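Visitor: Have a look at this one before I ask anything.
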Amino acid sequence: MSAEPLVVIDDLKIDVRLTRANRLPIVDTATFSIDRGEIIGLIGESGSGKTMLCRALVGTLGRRGAYIAGGKLTFDGIDLVTAKGSAWADIRGKRIGYVPQSALAGPNPVMTIGAQLEESILQDKEFSKGNVKARAIELLNIVQIRRPEVVMHQYQHELSGGMKQRVMIACAIAQQPELIVADEPTTGLDVTVQAEIMRLLLDIRSEFKTSIILVSHDLPLVNQICDEIVVMHAGSTVEKISSRDITRANHPYTRALYDSRIDLVEPKGELTTINGQPPTVGNWPVGCRFSERCNFVEDRCRLPQVLPIIPIGPNGFSTCLRFNELEK
Ligand SMILES: Nc1ncnc2c1ncn2[C@@H]1O[C@H](COP(=O)(O)OP(=O)(O)OP(=O)(O)O)[C@@H](O)[C@H]1O
Ligand SMILES: [Mg+2]
């Protein structure tokens, strides 16, 4: 087993092709790595580029007219920037499982849950028509679906939101991937079901040593189960921080996200919000893209510049020029 992280993302850039001559940058300066068995939370406001980054990891950017415009992306040492169809066939679904953002819309509506799971399982040569059904039931048991024999014959409209999400996770782990990319697997579910799905992901990690990248808007939620948190803002990764240090974050945007959490257990009275609107793609401010909404902004933050990635501790970083002056 190599000592290199399972996934390395370094200064990754993703553009969308608008016309033959026009390209729109959607993600730039995305930088972080994922170790084997590690759970990374990827958080940030809507439109910050989380799903595009997930799609880069499973090689489906092209379906949105997007492509990798620069930087490095490797999985177990394999260069995913230049990977072609046959290389992806060995990785997508097999070594990297994907729970797409729209998963709550559910599995395929015209196939039974069993047929869908069996289709995923049969991609793995270890399984054949003879043993596929047993494996499908085993997978439904792993994702803690009760009465799996009954559910095998059901269609997605017969399942609750939480069950649909469990089935999507079962499909994602069918081929025993080393990495699961779960794009907002709990958005739209009620809080108790959210907690159950999070617990399930933790169980999968401890049983199979799977690495997981968990995308969410909900910083306190992902913070409970992730080892490290990567924060995206306007197409950039602006901070990486260990979850245990989240209350002492090194970027004002991370702090603002944390302070604007809704705490149902200990309500804090007035709700805190982040000033202004997130910058939209194509209209990113020069310098620090959070500068227009930041309480700590100084003139130097607004200068045209590529912000440095300042290493903090063994694994973390911040792109805030004033990280050292933030109250700890
Ligand atoms: N084909 C496209 N053409 C133009 N813009 C696009 C295209 N696909 C995505 N975008 C834009 O890229 C940005 C990043 O999209 P992405 O789906 O990655 O955001 P996100 O962080 O996952 O947001 P959310 O939290 O709402 O899911 C968005 O502003 C989106 O509108
Ligand atoms: Mg998204």
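Visitor: Is there a residue in region 169-178 that is free of Cβ contacts under 8 Å to residues at least 12 places away in the same chain and either touching a strand residue (DSSP E or B) at 6+ places or on another chain (Cβ under 9 Å) or not in a loop (DSSP other than H, G, I, E, B) (or both)?
Guide: Taking region 169-178 and keeping what is free of Cβ contacts under 8 Å to residues at least 12 places away in the same chain, we get none.
No, every residue in region 169-178 fails to be free of Cβ contacts under 8 Å to residues at least 12 places away in the same chain and either touching a strand residue (DSSP E or B) at 6+ places or on another chain (Cβ under 9 Å) or not in a loop (DSSP other than H, G, I, E, B) (or both).
Visitor: Give me the residue from region 14-31 that is within 13 Å of ligand 1 (Cβ to nearest atom), surrounded by 18 or more Cβ atoms within 10 Å (Cβ to Cβ) and not aliphatic (A, V, I, L, M) and, out of that set, modelled with the highest pLDDT.
Guide: D15
Visitor: On to the next question. Could you look through region 32-56, keep only residues that are of a type in the set (K, R) and either near ligand 1 (Cβ under 6 Å from one of its atoms) or more than 18 Å from E178 (Cβ to Cβ) (or both), and pick out the one that is nearest to the chain's Cα centre (by Cα)? Please lay out each step first, then the result.
Guide: Residues of region 32-56 of a type in the set (K, R): 36, 50, 55.
Imposing the further condition that a residue be either near ligand 1 (Cβ under 6 Å from one of its atoms) or more than 18 Å from E178 (Cβ to Cβ) (or both) reduces the set to 50, 55.
Working: K50: 6, R55: 10 Å.
The extreme case among them is K50.
Visitor: Just name the residue that is farthest from ligand 1 (Cβ to nearest atom) out of those in region 61-117 that are assigned to a loop (DSSP other than H, G, I, E, B) and over 30 Å from Q194 (Cα atoms).
Guide: G77
Visitor: Considering each of S48, S33 in turn, give the residue that is closer than 22 Å to H233 by Cα, hydroxyl-bearing (S, T, Y) and without any contact (Cβ under 8 Å) to a residue 60 or more places away in the chain. Spell out the reasoning first.
Guide: Details: S48 fails: without any contact (Cβ under 8 Å) to a residue 60 or more places away in the chain.
After ruling out the rest, the residue left standing is S33.
Visitor: Moving on. All but one of (1) within 21 Å of N315 (Cα to Cα); (2) modelled with pLDDT under 95 hold for H251; state the number of the condition that does not hold.
Guide: Result: H251 fails condition (2) only.
Visitor: Related question: If a residue has to be at negative phi, among the polar types (S, T, N, Q) and more than 16 Å from ligand 2 (Cβ to nearest atom) to count, how many in region 159-190 make the cut? Show your work before the answer.
Guide: Kept after step one, since they are at negative phi, are these residues of region 159-190: 159-175, 177-183, 185-187, 189-190.
The next check asks that each one be among the polar types (S, T, N, Q); those that pass are 160, 165, 175, 186-187.
If we keep only those that are more than 16 Å from ligand 2 (Cβ to nearest atom) as well, we get 160, 175.
Matching residues across region 159-190 total 2.
Visitor: Can I ask one more? Being of a type in the set (S, T, Y) and out of contact with any helix residue (DSSP H, G or I) (no Cβ under 8 Å at 6 or more places or on another chain) is the filter here, so list the residues in region 106-138 that pass it. Steps first, please.
Guide: Looking only at region 106-138, we keep the residues that are of a type in the set (S, T, Y), and these are 112, 120, 128.
Passing the criteria: T112, S128.
The values are calculated or read from the model by the stated rules, or taken from the named source; none is laboratory data. Bear in mind the structure is a predicted one, so any value in this text is a computation, not a measurement. Positions of Cβ are backbone-derived with ideal geometry, glycine not excepted, and every protein chain shown enters the neighbour counts.
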